Amino acid sequence: MSDSDIHLVDSKDDILSLKSNGREVIGLDLDLYGKNLHFDISVGTDAVGLEAIVPVARDICDKITEVVVRKNIEQGERIPCCRGCANCCNYLITASSAEIFSLVEDIKKLNSSFYKYVQRNILLACQKILKKKPPEHFDHNQLNDLSDWYKSLNLGCPFLFEGGCSIYDVRPISCREYFIKGSPNACKGKRGSADVLDMPVSIANVLNDFCSELEDQGDTSIVLPLFQVWADENSQRKMKKFPAEYLVRKFVELLKNAASRTREESLACCN
Ligand code: SF4
Ligand code: SF4
């Protein structure tokens, strides 16, 4: 474990020994459907880039979606989403700047022929996007419209390989928290045709807010096929370092605020 590493404490870790080795352990409690979901996050002492938060954000996201999916199944819903099911990979996927910086490092670990395959897909995507710009008349804030335009480019995701996700363990958070109810056939149509599972908190949105605030930028969502181009053009942003404890406390604060906002909204709509 290095001093730049930020990770969830698991049952094998001893919190006291982590602390005696100079690491901070930051707790996070989330109320999910009236039950407490507790996390301990172990933080080193080094200054780190924004991308250092991504592994922990992925793990928290997976634990939240696990609870949500289990609850829906207990209520009799059919949740067809699984590894290898990939029609939704033709929709528009975005990721925050922190995730893009992390992804750039992750794909360097791919074997060289696969790395070339991904680079070729990215180049093709750039060509198609430049050639067929979105029609001027539609509202760019409408994610479904934008996604339908994107789908018309027949791009698919640059990481789709033989019908499955080739970076499954490090896939973006928007992919990790996208689940539907019912039949997977609903994902063959336009975005918006399927009955998407509501998440009590969107980690993708939290991560976007986190990046916007720390980088002092507007929305930092980046269209996935353009991730490499964007990272190359914004390489100076990756150089910025923050105290790791500050990053984690900020992420925890934004996550708790987002979860309590959703809870208040759902209480307000029930009253
Ligand atoms: S959202 Fe649709 S295509 Fe994607 S994994 Fe779930 S069922 Fe399969
Ligand atoms: S990253 Fe993986 S899961 Fe996400 S859209 Fe691409 S292929 Fe699908």
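A few comments on the model shown:
- Residues Thr45, Thr65, Thr220 arranged by fewest to most Cβ contacts within 10 Å: Thr45, Thr65, Thr220
- Cα centroids of the range 1-58 and the range 162-226: 23 Å apart.
- Computed E for Glu264/Phe161 - FRET, C-beta separation, R0 51 angstrom, nearest 0.05: 0.75
- Unsatisfied cross-links (Cα-Cα over 30 Å) in the set Lys109/Lys256; Lys109/Lys132; Lys108/Lys128: Lys109/Lys256; Lys109/Lys132
- Here the range 6-266 is assigned +1 on the Cβ of each Lys and Arg and -1 on the Cβ of each Asp and Glu. Its dipole about the Cα centre then comes out at about 960 debye.
- Relative exposure of Cys82, Cys89, Cys157, judged by other C-beta atoms within 10 Å (fewest first): Cys82, Cys89, Cys157
- Each of Asp198, Asp216, Asp209 has some number of other Cβ atoms within 10 Å of its Cβ, and from fewest to most they run Asp216, Asp198, Asp209.
- When shorter helices are ignored and each DSSP H run of at least 4 residues is given -39500 (n - 2.57), the per-residue value for the chain at 222 nm works out to -14500 deg cm²/dmol.
- Choice from Phe101, Phe39, Phe159 with maximal GNM fluctuation in the chain (Cα, 10 Å cutoff): Phe39
Bear in mind that the values in this text are calculations on the coordinates, not laboratory data. Just so you know, these numbers come straight off a predicted model, no measurement behind them. Note that we place each Cβ from the backbone using ideal geometry, even for glycine, and neighbour counts take in every protein chain shown.
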